[in-house]
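The values are calculated or read from the model by the stated rules, or taken from the named source; none is laboratory data. As the structure is a prediction and not an experimental result, all values here were calculated from the model. Cβ: placed from backbone, ideal geometry, glycine included. Neighbour counts: every protein chain shown.
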Amino acid sequence: MASDFKAIPLIDISPLVEKIDDPNMANDKDLLQVVRLLDDACREAGFFYVKGHGIAESLMKEVRDVTHKFFQLPYEEKLKIKMTPQNGYRGYQRLGENITNGKPDMQEAIDKDHARLIGYPVSTDILEEHRTDTGCGAHTDYGLLTLVNQDDDICALEVKNQSGEWIYAKPIPGTFVCNIGDMLKVWSNGIYQPTLHRVVNNSPRYRVSVAFFYESNFDAAIEPVEFCRERTGGVAKYEKEEATNMAREKVRHAKELGDQVQRHYRRHKETWALVARHLNESGGGWDETNKMLSLSQSTLDSLSINDRGILSKPIQFFDKLQELFSGSSADGAFMEDPSSVADFDDEADELDNFNDMSTYAETKYPQGEDSDKLEADSDDCKETTSQAPIKTVTQILGVSGLEYRCLRASVALLVPQENARELNKC
Ligand SMILES: O=C(O)CCC(=O)C(=O)O
Ligand SMILES: [Fe+2]
């Protein structure tokens with residue numbers, strides 16, 4: 001547990017860097033002092049700055065400058081390297097796509113293996129209805145150690161101390177801000193605990209940071225190391241776990257939501273199959289005024305109770321279902337099921353232009369509750385139908401854009417390799 005720290009320590013690690021290949025390093029007083037300071041920092045704040053790391057300040061700045069330049073590019077340019085399931089979720093992640101604690105983060109990013117280049121727009125540049133209050137919601141990092149090269153002139157990264165106060169990790173030029181992650185907690189048998197942190201860009205300037213996440217391989221077994229167990233009473237406080245499982249735990253909620261969306265999708269697909277089967281029957285047809293199928297008595301009589309129940313009620317989303325499942329005509333040529341992840345993702349991209357963030361207007365988030373209904377009288381539906389005339393997957397599935405993005409985050413589970421970053425913050 002983070003202590004009641006009021007400031008984050010700055011540690012000059014040059015003795016460590018200089019002696020890193022020295023077989024006698026353990027006898028070096030200066031180096032041992034660095035180790036002591038690092039140990040204190042990890043116990044107290046879980047955060048520290050490092051200087052004397054050997055990377056030129058000018059190079060750190062250049063990296064940030066390039067990052068700024070990339071995010072200034074037109075949206076279409078950035079999309080050329082967009083993150084997809086096919087490329088293992090590496091590449092450009094659009095504004096609002098990263099979800100923390102169920103809320104979209106007001107950030108865009110490029111993920112490349114263990115590095116993440118992050119851009120935090122000025123909040124007034126984001127449409128008010130799309131804005132959330134954090135560039136990155138409160139979280140701990142999943143791995144061992146994170147190093148952040150942050151913009152020199154903007155205070156945005158905040159770290160929570162034990163009394164619940166948010167302490168700024170103010171930029172200190174030439175330093176990296178470092179923090180420990182969940183894996184180190186397990187390895188150290190709880191001696192070190194990761195600290196909650198978040199990013200809020202309230203400044204009038206676009207902020208970038210470049211983070212490096214030092215993590216184990218996904219198949220590594222994470223368990224308390226013996227040395228730390230001995231120092232903490234001899235009993236392991238954490239069970240041995242595969243890194244992948246730790247990551248999965250982090251995205252449990254997103255995964256539940258993904259399952260929910262898939263259930264919605266399947267149900268509407270079934271409804272449409274039923275509607276399409278009877279649509280062109282003789283004596284039948286679509287009654288636009290009542291939003292119902294008109295069916296002959298003999299057809300009605302032949303239906304199962306369940307099917308009759310569905311078809312004798314208004315089908316509010318008829319045109320949407322038709323578009324989604326059969327293109328422009330009711331020919332029953334259904335689209336792929338979303339369990340085929342790539343297809344679903346592509347389809348979403350087509351229907352849902354994230355740039356205008358039109359599906360993003362809703363902010364309701366079910367927090368795991370299963371709002372498994374799309375009846376015309378449900379509040380959910382009223383909300384979606386009364387919106388601007390947009391045709392989106394989210395409307396049809398009866399989920400908000402936000403939930404839908406969670407689905408996408410959950411999809412990351414299916415491509416777990418190298419994907420610790422994506423999983424990190426759900
Ligand atoms: O942008 C920052 O300063 C930190 C970002 C962060 O905490 C993260 O991506 O895990
Ligand atoms: Fe973080």
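Results for (1) at positive phi; (2) in contact with a Cys (Cβ under 7 Å, 6 or more places away or on another chain); (3) within 16 Å of ligand 2 (Cβ to nearest atom), shown as yes or no for each residue.
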| residue | (1), (2), (3) |
| --- | --- |
| VAL186 | no, no, no |
| ILE191 | no, yes, no |
| LEU196 | no, no, yes |
| VAL200 | no, no, yes |
| VAL210 | no, no, yes |
| ASP219 | no, no, no |
| ILE222 | no, no, no |
| VAL225 | no, no, no |
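Can you tell which of LEU32, LEU38 is under 35 Å from the mean Cα position of the chain (by Cα), surrounded by 14 or more Cβ atoms within 10 Å (Cβ to Cβ) and part of a helix (DSSP H, G or I)?
LEU38 is the lone residue from the list that is under 35 Å from the mean Cα position of the chain (by Cα), surrounded by 14 or more Cβ atoms within 10 Å (Cβ to Cβ) and part of a helix (DSSP H, G or I).
Can you name every residue in the stretch 197-238 that is surrounded by 15 or more Cβ atoms within 10 Å (Cβ to Cβ), among the small types (Gly, Ala, Ser) and more than 16 Å from ligand 1 (Cβ to nearest atom)?
Selection gives SER216, ALA236.
Here are THR289, THR271: which of them is part of a helix (DSSP H, G or I), modelled with pLDDT of 80 or more and among the hydroxyl-bearing types (Ser, Thr, Tyr)?
Exactly one residue qualifies, and that residue is THR271.
Could you list, in sequence order, the residues of the stretch 176-196 that are crowded, with 23+ Cβ neighbours inside 10 Å and under 20 Å from THR67 (Cβ atoms)?
Across the stretch 176-196, the qualifying residues are VAL177, CYS178, ASN179.
Please specify each residue of the stretch 56-81 satisfying the condition of being free of Cβ contacts under 8 Å to residues at least 40 places away in the same chain and surrounded by 15 or more Cβ atoms within 10 Å (Cβ to Cβ).
Within the stretch 56-81, LYS78, LEU79 meet the criteria.
Return the total of residues in the stretch 84-129 being buried (at least 22 other Cβ atoms within 10 Å of the Cβ) and aliphatic (A, V, I, L, M).
Qualifying residue count for the region: 6.
Which of the residues spanning the stretch 74-107 are on the phi > 0 side of the Ramachandran plot and not in a strand (DSSP E or B)?
Matches in the stretch 74-107: GLY88, TYR89, GLY96, ASN101, GLY102.
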